[in-house]
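Beneath this line is the structure, given in structure tokens, with notes to follow.
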Amino acid sequence: MAGRRRNTPDSPSATGPDAEPVGRLPADLGVEELYGARPAGGFDDDPDPDDAPVFVPPVRLLPEAELAAAAMAVPLLERAVRLARWTAPHRPVDEFGEPGPELEAEAAAALGLPAGEGAGGDGGGEDADSTAAAVMRAWSLAVDLDLIAVGDAGPGEGEGSVARPGEELEAVESGDPEAVLEAWLSAADVVLDTAVEADAPFPDPTELAGEDADELDEEAAAAALEEFEEAREEARELLDQALQVLYESTAFAEEGAETVPLGVLAALLVVPDGEEPTEEMLGDITTVMVALDPMLADLAEIGMVEYRPIDPDLFEEPEDGEGEAQTLSEAPVDDEEAARFGLVRLTPLGQYGVRQWLLEDGYDAPLVGEHAQGDAAALLRGVSEAVNVLPEEEIREWLAGRDPLPAARELLAAARGSDTLGPLRRMLCQLALNQLAADPGPALREVLDDPELGGFARAWLVERGATDVPEPDRAMALWTTVDTLAAQLMDPDVDPELLAELVGGLPLAPDPTAFLGELWRVEHPCTAEVLDAIGEHHGDRQVAKEARKAAYKARSRRP
């Protein structure tokens, strides 16, 4: 799979901020805006943009049994299985390993296609061609998947070659989800490769002749082959990028996958972030749409997408020579008109398939709930260390079915720790407490004197109307101040205005120097970084200078 799918002026493979060129999908947003990716380890230096990893958002998949049932219901795979069953115990095939005209009608009948309309039947015309093509697609796929095995005839099987059920048929027919999904994924690979090659047709051999028509111009043939390989690679990259955009849209859709207008999908692949589409870009968008149209139609056959193709009338030149073929610059006026430009939706099977391809290519493609399978310590540690996670989804998954008060106590215990990720765990703990179905107040009151939890426990209770909560002592108040700012600084996409607001709200008066003198002595792993932030974001130049001096003193105390 291709790693990136959005254009930027600097790099065709970088993800950008929240530009809205012609429509807004999750793929338009920055990684951190989308799903809160955080750098493991706390306060690393800014990474080199060229070395930045590709983040793929976590998704939810259907259970394997449901995915396998959906795969077996895909007509193309279902036909391949039925043809394989039909070959038992053996069927003669021609020199190409195919049933040939004589058996094509029988094969069509085995698939439930119109009897007698194959090449070997009495019918003809387009219906016959369609039936013959359907038989051969299913047959080729069955052979590719080892559902049908072709070999020499054995004793009692006649002469020549025969086809028999392949070694994979029994496993697939057994309904074993793993075997079914493996077969479906292999089928999707075959269909994908076929779709890509169809978009990059092999050069006509008649154009590669030398001076003698019977000779091959080797130089021209090599150049044509190279051109074909480049075109195939470009088509594969385009389709990969489109599938990844659709995959990411499933991660953020509230209910199921989004149905995406093909023009919007193409625009996401063409228009650089932060730019409006120009007339030239509109032409490029149309070109991308036309390129994707047949490839997505092929993927619909294997159940990866649900696809409404482009209405061919949209791009036909008028026969009378008057007017022009419609282009994207003529904006559709309603949903039905927009649908004529194509609509695509990734199916649950397609979501599974794209994720498998991403994993095979070495990308981290997590599932929602991966960090919610253990105790609270595993939850908070996993989410805080992950660079690619949906914190609220993981927390919601973990809380499901748990008794609120014991869950609150477990979360508070897991939030403790003086390591650099401790502030993030405590912030996640607060997020989890906010999602509890019942009031966690009793659990919070139990930690009011805890040096690491007491500050935010008091704040949580007071914000919800508690009037009997004692003020924290000076040491706890200062430590909580550092901890709260540190948690914000761990967000790589933290809003500078928010930081400025938090820094501006610090209780520096009446003596900022004295306050900062207390702050740099706080025994917290992130004290120096918090003072750096105060020095960078405070509006008073003198206060900022004192904060930088205090940060130096804090670092001098570190081992």
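Every read-out reported here was derived from the displayed coordinates using simple, explicitly stated rules and does not represent laboratory data. For clarity, every value in this text was computed on a predicted model and none was experimentally measured. Cβ atoms come from the backbone with ideal geometry, glycine included; neighbour counts cover every protein chain shown.
Computed from point charges on the beta carbon alone (+1 for Lys and Arg, -1 for Asp and Glu), the dipole magnitude for the range 484-559 about its Cα centre is near 600 Debye.
Once you keep just the Cα pairs under 8 angstrom separated by 6 or more residues, what percentage relative contact order results for the range 484-559?
Relative contact order here is 31 percent.
Descending by average beta-carbon neighbour count within 10 Å, the peptides 347-360, 452-465, 262-275, 435-448 line up as 262-275, 347-360, 452-465, 435-448, the highest first. How much net charge surrounds Ser140 when only other residues with a Cβ under 13 Å from its Cβ are counted (Lys, Arg +1; Asp, Glu -1)? Local charge sum for Ser140: -3.
Please identify every one of the trypsin sites (Lys or Arg not before Pro) in the range 359-439 that sits in a loop by DSSP and has no more than 11 other beta carbons within 10 Å of its own beta carbon.
none
Provide, for q = 0.10, 0.20, 0.21 Å⁻¹, the log10 of I(q)/I(0) from a solvent-free Debye sum over equal Cα point scatterers in the range 371-472. Rounded to two decimals, the profile gives -0.25, -0.97, -1.06. Under the convention that each Lys and Arg Cβ holds +1 and each Asp and Glu Cβ holds -1, the size of the dipole of the range 371-472 around its Cα centre is about 40 debye.
Placing unit charges on each Cβ (+1 for Lys and Arg, -1 for Asp and Glu) gives the range 484-559 a dipole about its Cα centre, and among Gly535, Val522, Ala509 the Cα reaching farthest toward its positive end belongs to Val522.
Between the range 508-530 and the range 467-502, the C-alpha centres lie 12 angstrom from each other.
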